[in-house]
Amino acid sequence: MTPKAKPSRIASSFLGWLCAPLVGALGASATLLPYIDPTASTTAIQAMGPIFAIGLMGSGMIGAALTGSFAKGMMIALVCGLFLTGLSFALGTPFEANLLALGIAIAIASVSFAARGALFARSAGDRGWFIASAIVAGEGAILVTAFLIPDALPKWLLSLLPARWASLAIQSTGAEKLPHFIYPLLALGGTAAATALVTKLLPKRMPYLIMFTVWLCLSTLVYHQTDWDMVQIEEAGTQSSIAKP
């Protein structure tokens, strides 16, 4: 029996460019946009954080894992970020953000998620995008749960998730919250650097210890530097807006 031929790099790249934006941008939007009350700014801001985070993570990580290219994954994520920014304005969502800060957050998150996708492609080959998809689904489910059911999940668990870091960064791009903007971005950038190091040094195993150590340290930074009281107040307001008939 003749074994099935593996998909060519051209076909794989095309699949990445086609599927990753759909899974990231459209999937995240379709999940949370129905819950946005355009008249409630709190609801909109709280929803756009997870939408951007899931979109950037899905497009960047899955795109890089499918194509086997960090650069392509990053570009797909950036396109997704532009799409979501345009979508938020087109819908009239009162998502008031400093556009420069928003652009920086999108760029750093895109780099971080694409780096993880490239690692999966390097370590798992053609199966890397399965791993990326599973992680996106898991972290995305936790973000949606935290949005719809505030206080359902412990703070320490949310602090461990890069998707949550991206969500906090997006939510902190408003003028009043910019002091909280830097910490989730430091976490995203630090994990991107550690992940890139592991990818370069594979198949050596020792760098994984470095990556996990950096991840835990940066998670601790996010945990202690996040204004959880403000987040809880806003998420409680979000829940009240969702509960309205």
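The values are calculated or read from the model by the stated rules, or taken from the named source; none is laboratory data. The structure displayed is predicted, hence computed values, not measured ones. No Cβ is skipped: glycine too gets one built from the backbone with ideal geometry, and neighbour counts run over all protein chains shown.
Of note:
- In the stretch 130-141, the residues that are crowded, with 19+ Cβ neighbours inside 10 Å reach residues that are not in a helix (DSSP H, G or I) with C-beta atoms within less than 9 angstrom, at least six apart or across chains, in these pairs: GLU139/LEU161.
- Within the stretch 107-129, the set of residues being crowded, with 22+ Cβ neighbours inside 10 Å and under 20 Å from GLN225 (Cβ atoms) comprises ALA109, SER112.
- LEU197 being surrounded by fewer than 22 Cβ atoms within 10 Å (Cβ to Cβ) and not in a helix (DSSP H, G or I): no
- Residues of the stretch 156-166 that are in a helix (DSSP H, G or I) and under 11 Å from SER219 (Cβ atoms): TRP156, LEU157, LEU158, SER159, PRO162, ARG164, TRP165.
- Those residues of the stretch 58-78 which are modelled with pLDDT of 90 or more and either assigned to a loop (DSSP other than H, G, I, E, B) or more than 15 Å from ALA121 (Cα to Cα) (or both), in sequence order: MET75, ALA77, LEU78
- Checking each residue in the stretch 130-180 for being aromatic (Phe, Trp, Tyr) and either modelled with pLDDT of 90 or more or under 13 Å from the mean Cα position of the chain (by Cα) (or both) picks out TRP156, TRP165.
- The set of residues from the stretch 212-233 being surrounded by 15 or more Cβ atoms within 10 Å (Cβ to Cβ), at pLDDT below 90 and assigned to a helix (DSSP H, G or I) comprises GLN225, VAL231.
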